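Asks: The structure under discussion is supplied below as structure tokens; questions concerning it will follow.
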Amino acid sequence: MREIVLDTETTGFDPFSGDRIVEIGAVELFNHMPTGKTYHEYINPERMMPAEAFSVHGIGPDLLEPPQKPQPGAVTLRDKPVFAKVGQSFLDFVQDSKLVIHNASFDMKFLNAELGWMGLPKLPMEQALDTLAIARKRFPGSPATLDALCRRFNIDNANRTLHGALLDSEILADVYLELIGGRQPDFGLSAQSASGTAKVEDDWRPAPRPSALPQRITAEELAAHEEFVAKLGEEALWNVS
């Protein structure tokens, strides 16, 4: 079962009032496990960047009025492709897979507006799975933002000082797996065949991550572990090579 966890960043709230997509990030899951395949594009919106949007995602200081001098690591957009150059490659990546999106109506509205202006097929709303709706149903009355769900599930989002489509997609993938019951996949050992019977799936393996995940254990925790192992003696499991 292939799913795509997806997020966008935009210049505002309404594509039909002139707002555009400036970033798309997506992460591929297979049987609820990340495969390491991603899709990521920064997009030239062909318009100025409102200060309110810039304060959320920090993208496009060169499109502010007046333009700001980009800080190290800032993403400028004037040299990035317009959506018309990436729309087909985006559709080729997502195909007909289920789209896992937090507040799906927002992203789908923008994606379908951009695809419609290109004359490309739009994404049916039933293709989207809204994790915001799932969270509100599971935890009625509780905050259901991505940050709030990270706190609830103890998911590290320390790098999320600003919104970013690919980073948010990676975080949302972890949140989604917790929302549907935690990491309890069948390890890719079985899949449904066309006849509906289970079969061994031996032609798929998760690919290595393009970059290693950040270390989550602290120096103090590592030192405490080493001290604990030292007390167990030379035959402790951790000391057997």
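Asks: Compute a Gaussian network model of the chain, connecting alpha carbons closer than 10 Å, and tell me which residue from P66, P81, P34 fluctuates the most.
Replies: Per the Cα network of the chain with a 10 Å cutoff, P66 tops the list.
Asks: With Kirkwood's inverse mean 1/r over C-alpha pairs for Rh, give me the Rg to Rh ratio of region 92-186, two decimals please.
Replies: Computed over Cα atoms, the ratio is 0.99.
Asks: Summarise the accessible area of the chain (1.4 Å probe, protein heavy atoms) by the percent that is carbon and sulfur.
Replies: 55 percent
Asks: Something else: Binning at 5 Å from 0, report for region 35-76 what percent of all alpha-carbon pair distances ends up in each bin.
Replies: Spelled out bin by bin, region 35-76 gives 5, 21, 30, 22, 9, 7, 5, 2, 0 percent.
Asks: Mind checking which of R216, R47, R151 has the largest fluctuation in a GNM of the chain, springs on alpha carbons under 10 Å?
Replies: In this elastic network of the chain, the residue with the biggest mean-square fluctuation among R216, R47, R151 is R216.
Asks: Rounding to the nearest 10 and keeping the result within 0 to 90°, find how far the Cα-based axis of helix 83-94 lies from the longest principal axis of the chain.
Replies: That works out to roughly 30 degrees.
Asks: May I pose another question? Could you sort the peptides 131-138, 228-235 by per-residue average Cβ neighbour count (10 Å cutoff), highest mean leading?
Replies: So the peptides 131-138, 228-235, ranked by packing, come out 131-138, 228-235.
Asks: If you consider only alpha-carbon coordinates, what radius of gyration and Dmax does the chain have, in Å?
Replies: 21.1, 69
Asks: Once both labels are modelled 7 Å past Cα along the beta-carbon direction, what's the F139-K85 spacing in nm?
Replies: 4.0 nm
Asks: I would also like to ask the following. Report, as a whole number in µm² per second, the diffusion coefficient that Stokes-Einstein gives for region 23-110 at 10 °C and 1.306 mPa s using the Kirkwood radius over alpha carbon pairs.
Replies: Calculated translational D: 107 µm²/s.
Asks: Give me the percent of DSSP beta bridges within the chain that run antiparallel, rounded to the nearest 5.
Replies: 75 percent
The values are calculated or read from the model by the stated rules, or taken from the named source; none is laboratory data. Keep in mind it's a predicted model, so treat the numbers as computed, not measured. Neighbour counts are summed over all protein chains in view; Cβ atoms, including those assigned to glycine, are modelled from backbone coordinates with ideal geometry. Quick note on the areas: whole protein, heavy atoms, side chains included, nothing else; ligands and nucleic acids left out. Shrake-Rupley method; radii C 1.70, N 1.55, O 1.52, S 1.80 Å.
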